[in-house]
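Structure first, then comments.
The values are calculated or read from the model by the stated rules, or taken from the named source; none is laboratory data. The structure displayed is predicted, hence computed values, not measured ones. Note that each Cβ is placed from the backbone with ideal geometry, even for glycine, and that neighbours are counted across all protein chains shown.
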Amino acid sequence: MTDYDLKPCYFEGKFIPLKDANLNIRTHALQYGTACFGGIRGYWNENKQNLFLFRIEDHYKRLKQSAKILQMQTNYSIEEYKDITLQLLQKGHWKENVYLRPFLYKSALELSPRLHNVQDSFALYAIPLGDYLDTQKGLKVCVSSWIRISDNQIPTRAKANGGYINSALAKSEALQNGYEEAIFLDSHGNVSEGSAENLFLVRDGVLITPDVSSSILEGITRRSLLQLAKDFQIPIEVRPVDRTELYVADEAFFAGTGVQVAWIREIDHRIIGNGKIGTITKKLQDTFFEIVTGENDAYSHWITPVY
Ligand code: PMP
């Protein structure tokens with residue numbers, strides 16, 4: 001058994017060691033994918049001896065919205081979720097970069113793939129996490145042959161566990177074909193997002209990202225970067241994006257909690273811009289890392305210290 005197995009998680013209303021948080025094989029969420037989740041990062045700042053959580057209230061607000069779509073009861077308020085999260089990190093003495101996985105799942109042990117009147121539960125655990133994708137070297141990506149699920153199929157707005165089959169299909173296809181990540185098109189043929197991250201382009205100094213009707217998750221990093229761009233007076237367009245706009249973009253990057261801000265070097269064998277990180281991408285990336293690590297006072301309202 002490792003130290004990690006003994007770290008506390010939150011399960012069935014209590015803090016217990018991770019090794020003891022196990023589910024019955026009959027669990028509804030396991031059988032039907034009826035769960036929704038969040039992903040929150042904490043950044044350890046060695047100088048300040050503190051762990052900073054990025055936009056925790058916004059993450060729990062989105063979890064509650066996902067739960068509403070999936071007809072789940074969320075017994076806790078955002079403040080209570082936040083309190084459980086801080087306690088979990090403090091009890092676990094987390095002093096490194098961490099990724100938190102809160103989720104609500106249909107915990108009843110019954111058959112029938114429905115949403116209403118199925119009991120659900122909340123659980124939370126933490127894992128140590130460095131970079132999910134390389135943020136510095138420039139990613140090689142492809143447009144997926146898999147189409148993004150649409151709002152009337154499995155709503156991407158809901159961050160529903162079952163919907164991540166769609167992401168997994170695209171991600172495996174991309175990796176097995178020698179790329180690092182996939183970009184989805186939506187059912188109308190417009191650009192949607194990556195398998196687990198939102199997408200941005202820059203064309204002629206304008207920051208462009210697909211609108212919320214392009215089957216995207218309404219990403220908190222996406223929203224933060226749009227706010228930063230506004231504050232930096234970078235022109236923004238939030239609108240449907242064509243596939244070939246990807247190829248002629250001057251800059252392209254992914255944004256999300258896991259991926260952070262990671263620039264794209266190549267899409268479908270077309271080099272983006274001059275094949276180097278673009279100036280707008282660099283400025284947003286640098287500012288993003290300053291903020292999340294607790295080194296930018298102008299945006300300190302976006303971070304919560306754990307200690
Ligand atoms: N899209 C998808 C499909 C995701 O899984 C994620 C990661 N949560 C994102 C976008 C980015 O969202 P956020 O910035 O809130 O992490």
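Only residues that are in contact with a helix residue (DSSP H, G or I) (Cβ under 8 Å, 6 or more places away or on another chain), outside any strand (DSSP E or B) and within 24 Å of GLN73 (Cβ to Cβ): list them for the range 1-49, please.
Correct list: LEU23, ALA29, TYR32, GLY33, THR34, GLY38, GLY39.
Out of all the residues in the range 159-167, is one or more out of contact with any Asp or Glu (no Cβ under 7 Å at 6 or more places or on another chain), hydrophobic (A, V, I, L, M, F, W, C), at pLDDT 95 or above and buried (at least 16 other Cβ atoms within 10 Å of the Cβ)?
Yes, the range 159-167 contains at least one residue that is out of contact with any Asp or Glu (no Cβ under 7 Å at 6 or more places or on another chain), hydrophobic (A, V, I, L, M, F, W, C), at pLDDT 95 or above and buried (at least 16 other Cβ atoms within 10 Å of the Cβ).
Return the pairs, sorted by first residue and then second, in which the second residue is of a type in the set (Phe, Trp, Tyr), the first residue lies in the range 36-47 and is under 12 Å from GLN260 (Cα atoms), the beta carbons are less than 6 Å apart, and the residues are 6+ apart or on different chains.
ARG41/PHE54; ARG41/TYR99; TYR43/PHE52
Kindly evaluate ASP211 against the criterion of being away from the ligand (no atom under 16 Å from the Cβ) and under 16 Å from ILE236 (Cβ atoms).
When the stated conditions are applied, ASP211 does not pass them.
Are there any pairs, at least 6 apart or on different chains, whose C-beta atoms fall under 9 Å, with the first in the range 243-264 and within 16 Å of THR293 (Cα to Cα) and among the hydroxyl-bearing types (Ser, Thr, Tyr) and the second modelled with pLDDT of 95 or more and in a strand (DSSP E or B), and if so, which?
As it stands, the answer is THR257/ILE40; THR257/ARG41; THR257/PHE54; THR257/TYR99, since those pairs meet every condition given.
Return a yes/no flag: does the range 211-231 have any residue that is touching a residue at least 12 places away in the same chain (Cβ under 8 Å) and under 17 Å from ARG270 (Cβ atoms).
Within the range 211-231 (the criterion being touching a residue at least 12 places away in the same chain (Cβ under 8 Å) and under 17 Å from ARG270 (Cβ atoms)), the answer is no, since none of the residues qualifies.
May I ask you to list the residues in the range 74-88 that are farther than 21 Å from ASN50 by Cα and aromatic (Phe, Trp, Tyr)?
Selection gives TYR76 alone.
Taking PHE253 as the residue in question, decide whether it is within 13 Å of the ligand (Cβ to nearest atom), outside the structural domain of ARG114 (by TED's automatic domain parsing) and among the hydrophobic types (A, V, I, L, M, F, W, C).
When the stated conditions are applied, PHE253 passes them.
One line per residue, one yes/no per condition, for (1) part of a loop (DSSP other than H, G, I, E, B); (2) acidic (Asp, Glu); (3) more than 30 Å from GLY294 (Cα to Cα):
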residue: GLU57; (1), (2), (3): no, yes, no
residue: GLN71; (1), (2), (3): yes, no, yes
residue: LYS82; (1), (2), (3): no, no, no
residue: LEU88; (1), (2), (3): no, no, no
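Of these, LYS64, LYS106, which one is in contact with a His (Cβ under 7 Å, 6 or more places away or on another chain), buried (at least 17 other Cβ atoms within 10 Å of the Cβ) and under 23 Å from THR156 (Cβ atoms)?
LYS106
Does any residue of the range 186-208 turn out to be over 18 Å from the mean Cα position of the chain (by Cα) and either closer than 27 Å to THR34 by Cβ or hydroxyl-bearing (Ser, Thr, Tyr) (or both)?
The answer is yes; a qualifying residue exists.
Taking ALA29 as the residue in question, decide whether it is under 23 Å from the mean Cα position of the chain (by Cα) and either farther than 19 Å from VAL292 by Cβ or surrounded by 14 or more Cβ atoms within 10 Å (Cβ to Cβ) (or both).
So ALA29 fits the description; yes.
Go through TRP146, TRP94 for me and flag whichever is of a type in the set (Phe, Trp, Tyr) and assigned by TED's automatic domain parsing to the domain that holds ALA182.
The match here is TRP146.
Let's see how each residue does on (1) surrounded by 14 or more Cβ atoms within 10 Å (Cβ to Cβ); (2) among the basic types (Lys, Arg); (3) part of a helix (DSSP H, G or I):
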residue: LEU228; (1), (2), (3): yes, no, yes
residue: PRO240; (1), (2), (3): yes, no, no
residue: PHE253; (1), (2), (3): yes, no, no
residue: VAL261; (1), (2), (3): yes, no, no
residue: GLU266; (1), (2), (3): yes, no, no
residue: LYS276; (1), (2), (3): yes, yes, no
residue: PHE289; (1), (2), (3): yes, no, yes
